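Where a number appears in this text, it was derived from the coordinates with a stated rule and is not lab data. Bear in mind that the values here come from a model prediction, so they are computed numbers and not experimental data. Methodologically, a virtual Cβ is constructed for each residue, glycine included, from the backbone with ideal geometry; neighbour enumeration extends over all protein chains shown.
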Amino acid sequence: MDIIQEVRKFVEDECKKPTSKYGYEPFPYHFVPMVEYAQMLANQLNADKEIVKLAAWLHDIGSIIHGRKDYHITGAKIAEEKLREFGYPENKIKRVKDCILHHRGSQKHSRENVEEQIIVEADAMSAFDSISGQFKAAFTYENKTQGEAKKSVRKKLENKWNQLHLESSKRIILPKYEAAMLLLS
């Protein structure tokens, strides 16, 4: 069994369900780019690629199934159950869970290892690939006006930029960050 493909399929299937809090769109517009950034960083930083890929696929599963409230906690529990169901080793389950628990940039966690930092960075980086999704959330879920949405999206992207601590992440995202700031000024 290819555990990464099984987890990818699980996440995609959850996004397709009518009960998905945000519909299918997070899968192609957030999960896929986030996993690509995570893989890129894992390769550059000599991280455990399997842990990174699994955590990247599962990092927001709590929000898909239960919504945004404490989604890092619900997501870590879902990941633990699903990985255990697939017979994944307990010591590796803990590492994936820690990545999920500590991935929220808005929470000030000390990252224990490079894999945890990669998940934080890749999650922040992916925001620059889905600016339309940021606006959709501002309009649909936050009921903001056009002006409020523009300010909100700019602030979120500034926050995402400030969550980047790895030079390679900043180098990759800098052109998108500068373009977004210009367009949202």
Query raised in the report: With the calculation restricted to Cα positions, what are the radius of gyration and Dmax of segment 1-64 in angstrom?
Result: 11.9, 39
Requested in this report: Amide H neighbours of Arg68 under 5 Å, at least 5 residues apart or on other chains, H built in the peptide plane: list them.
Outcome: none
Query raised in the report: So how do Asp2, Asp129 line up by other beta-carbon neighbours within 10 Å, fewest first?
Result: Asp2, Asp129
**Report entry** Sequence ranges 133-145, 46-58, 28-40, ranked by mean other-Cβ count within 10 angstrom, highest first
**Finding:** 46-58, 28-40, 133-145
Report task. Determine, for Leu164, Leu174, Leu184, the number of other Cβ atoms within 10 Å of each Cβ, and report the residues in order from fewest to most. Result -> Leu174, Leu184, Leu164
Query - Kirkwood estimate for segment 3-183, i.e. one over the average of 1/r between Cα atoms, Å - result: 16.5 Å
Query raised in the report: When the helix-only estimate is applied to the chain (DSSP H runs of n ≥ 4, each -39,500 (n - 2.57), divided by the residue count), what is the mean residue ellipticity at 222 nm, nearest 500 deg cm²/dmol?
Result: -21000 deg cm²/dmol
Query raised in the report: If you find the alpha carbon centre of segment 121-177 and of segment 27-84, how far apart are they in angstrom?
Result: 18 Å
Report summary line: Per the C-alpha gyration tensor (a ≥ b ≥ c, the square roots of its eigenvalues), segment 1-108 is rounded if a/c is under 1.5, else prolate if a/b beats b/c, else oblate; here it's rounded
Report summary line: Rounded to the nearest 10 degrees, the helix 167-183 long axis (Cα) sits at an angle to the longest Cα principal axis of the chain of 30 degrees
Query raised in the report: If you project the alpha carbons of segment 85-185 onto the principal axes, what extent comes out on each, in Å, largest first?
Result: 48, 31, 23
